Amino acid sequence: MAKRVLIATAKPFASQAVEEIKNICEEKGYEFILKEKYAEQSDLVNAVKDVDALIVRSDKVTSEVIGNADDLKVVVRAGAGYDNLDCEAASQKGIICMNTPGQNSNAVAELAFGMMIYMARGKFNGKSGTELKGKTVGIHAYGNVGLNVARIAKGFDMQVIAFDPYVDNAIMEADGVKPVDSVEELYSQSDYLSIHIPSIPATQRFVNYKLIKQMKKGSVIINTARKEVVCEDGIMKIFAEREDLKYASDIAPIRANEMIEKFEDRVFFTPKKMGAQTLKANINAGVAAIKQIIAYFENGDTTFQVNK
Ligand code: 3PG
């Protein structure tokens, strides 16, 4: 019987990306099933019932979803952060979880600069703003997005510093990036602080009051990672104390309304996560996802497995 591959995306891929994934799938003789823009989590729970493989974006692959997926063998998160997958529940059922690292990172990095300029120009309010040239961008975690931020920053003539205890200094230096020794140093030296840490238990509310307090006068926090890694109480407290700081985040924090009400032009939040929402990123991540599924079924390839 043909393998059944479900794409379940509440926030859909561009239609051209879906078409490409579908073609690859059907060329291999797999059945392609599309469930996009679904409204309820129960829709996802029901949709996985008889599928062999699942491709998602930020869709929540909970233990309930896994529990209902009787034939599921592999889940690919078409993207980098897989904090939306219950990997433990998947492992218990012998289901392989993968991500597609690097496939959408340029799109996310470009959005970080879009947000930097938007904040530097007073959210396009017509008043005199500032420029990125000559400023220091601090990159918090030098992974796929971080290194793209560094590359683009050089085009803006910015100084680039980074902190990442898991990456050799030599790698950053080869990219023309100055590694700093501590996260405190990073935050205290940056005009723009670009967050790229994953959302894992150890990073929840990591960017807190104490850390932000050390930031330079007039600095801007750019969060294209996850809202969970920034301490919202910390933002509320330090922003009330200091009128010079700004915060832009790709996806609204839980306390977004309160922040907007209190700090107005110093904060900006996208209504939906926009970082990877480009045609190129959708094609890259979606096609990588289906190819990884095929490679797994045909050759047992688990290169991108994250629940080892
Ligand atoms: C990622 O982790 O790859 C990005 O946050 C993109 O997420 P999305 O596919 O939900 O837009």
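Derivation of every value follows stated rules applied to the coordinates shown; laboratory data play no part. Predicted model only: the values in this text are computed from it and were never measured. Glycine also receives a Cβ, built like all others from the backbone with ideal geometry; neighbour counts cover every protein chain displayed.
Here each label is just a point 7 Å from Cα along the line to Cβ, and for Ser15 and Gln305 those points are 3.9 nm apart.
Seen from a random direction on average, the alpha-carbon convex hull of the stretch 34-154 projects onto 9.7 square nanometres.
Listed by chain and number, the lysines whose C-alpha is less than 18 Å from the C-alpha of Lys217, apart from same-chain residues fewer than 8 away, are Lys133, Lys135, Lys237, Lys246. Available extension along the chain between Lys49 and Ile171 is 39.5 nm, counting 0.36 nm per residue and deducting the alpha carbon span. Taking a point 7 Å out from the Cα of Glu241 in the direction of its Cβ, the residues of the stretch 193-218 whose backbone N falls within less than 17 Å of it are 206-218. Stretched out straight at 0.36 nm per residue, the stretch from Asp181 to Asp157 would grow longer than its current Cα-Cα span by 6.3 nm. For the chain, the longest principal axis of the Cα atoms and the long axis of helix 232-241 meet at an angle of about 10 degrees. At full extension, Ala295 and Lys210 could sit 26.0 nm farther apart than now, given 0.36 nm per residue minus the alpha carbon distance.
Write down the Kirkwood hydrodynamic radius of the stretch 157-308, to one decimal in angstroms, obtained as one divided by the mean of 1/r over all alpha carbon pairs.
For the stretch 157-308, the Kirkwood estimate is 17.6 Å.
With contributions of -39500 (n - 2.57) from each DSSP H run of at least four residues, the per-residue ellipticity at 222 nm computed over the chain stands at -11000 deg cm²/dmol.
On a 0 to 90° scale, report how tilted helix 144-155 is relative to the longest principal axis of the chain, with both axes built from alpha carbons and the result rounded to the nearest 10. Result, in degrees: 40.
For the stretch 1-31, backbone nitrogen atoms closer than 13 Å to the point 7 Å from Asn84 Cα along Cα-to-C-beta are found at 7-14. Computed from Cα positions, the angle between helix 15-27 and the longest principal axis of the chain comes to roughly 30 degrees. For the chain, a Kirkwood hydrodynamic radius built from all Cα pairs, placed in the Stokes-Einstein relation at 4 °C and 1.567 mPa s, yields a translational diffusion coefficient of 64 µm²/s.
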